[in-house]
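Computed from the coordinates by the stated procedures, all read-outs in this text should not be read as laboratory data. Being a predicted model, the structure only gives us computed values, none of them experimental. Here the Cβ positions follow ideal geometry from the backbone for every residue, glycine too, while neighbour counts run over all protein chains shown.
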Amino acid sequence: MRSAEKSPANVRVVNSSVSPSDLARLQSEQHAHDLRNHFDIISLHKTDRLKHYGLHFAKYVGRLARESEEQKPVERTLVDILLVSLSAANTLHQDLSKENILIGAKPDQIDPWRTFADAAGRFADACEKIDHMEEFVPLARQANVDIMEWLFTAANHREFDLLSAALMRRNELAVRQFYIRDQIS
């Protein structure tokens, strides 16, 4: 499943989905969003933050597994996965603009949701390694890249504008923090 094993027809992310500069901008915007709207999480120790994000990924695997029984639309889950993956990358000091993120690859799994479940499981494995004082950062970073690859491939397959939807979702989340004033008049 690693990039080196993928078809040479796949190229670095430069298509209509996302570019390296988009990824850099998204990470920066996510950091600002997290500081404003998720200070409770951003204040946690980095290892606790990673475990929090691992729990989010597990929750999203569950949402996708429930299919039509899930009340939240798949597109909402895709956006939430993007935002959490960006936050995880920031916590891991992972510059996604420099990662070799491939999209459009045919999944190794018959069920494309399993590809995400596999990556989320490896992210959880990395989080568990924290408690055992085992090396976890490379595993977490690779799982996060694999989540991004799956995510952008899934969004493209659905012809879903993930980046616009992410902006809308961030705005929805910001409204929850009604007591924060961004501008002093």
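Charged neighbours of Val74, selected by a Cβ distance under 10 Å, balance to +1 (K, R count +1; D, E count -1). Give me the tail of P(r) for the chain as a percent: Cα-Cα pairs with distance above 30 Å. Percent of Cα pairs beyond 30 Å in the chain: 16.
Working from label points 7 Å from Cα in the Cα-to-Cβ sense, the Asn156 to Asp22 distance is 1.0 nm.
With the simple spin-label model, which puts each label point 7 Å out from Cα in the Cβ direction, the Ala174 to Ala32 separation comes to 0.8 nm. Loop exposure criterion: GluC sites (Glu not before Pro), DSSP state outside H, G, I, E and B, at most 11 other Cβ atoms within 10 Å. Applied to the chain, the longest stretch between such sites is 1-133.
What do you get for chymotrypsin sites (Phe, Trp or Tyr not before Pro) in the range 95-185 restricted to DSSP loop and a cutoff of at most 12 other Cβ within 10 Å of the site's Cβ? Don't jump to the answer; show the numbers that get you there.
Values: sites: Trp113, Phe116, Phe123, Phe136, Trp150, Phe152, Phe160, Phe178, Tyr179; in loops: Phe136, Phe160, Phe178, Tyr179.
Sites meeting the loop and neighbour criteria: Phe178, Tyr179.
So what's the net charge close to Glu172: Lys and Arg +1, Asp and Glu -1, counting the other residues with Cβ under 14 Å from its Cβ? So the surrounding residues net to +4.
Calculated mean residue ellipticity, 222 nm, the chain: -21000 deg cm²/dmol, from DSSP H runs (n ≥ 4) at -39500 (n - 2.57) each, averaged per residue and rounded to 500.
Once you divide the Cα radius of gyration of the range 58-107 by 2.2 N^0.38 Å, the number left is 1.37. Taking the chain as the region of interest, the number of lysine pairs whose Cα atoms are within less than 21 Å, with members eight or more places apart or on different chains, is 8.
In the chain, once you exclude exposed trypsin sites (Lys or Arg not before Pro) (DSSP loop, at most 12 other Cβ within 10 angstrom), what's the longest stretch remaining?
Values: sites that count: Arg2, Arg158, Arg176, Arg181.
Counting only loop sites that pass the neighbour cut-off, the longest clear stretch is 3-157.
With a Förster radius of 25 Å applied to the C-beta separation of Asp95 and Leu167, the computed FRET efficiency comes to 0.70.
Quote to one decimal, in nm, the extra length available between Asp182 and Gln71 on full extension: 0.36 nm per residue of separation minus the C-alpha distance between them. It would help to have the intermediate numbers written out before the result.
Working: separation 111, 0.36 × 111 = 39.96 nm, distance 3.23 nm.
Result: 36.7 nm gained on full extension.
Charging the Cβ of each Asp and Glu at -1 and of each Lys and Arg at +1, and nothing else, the dipole of the chain about its Cα centre rounds to 320 debye.
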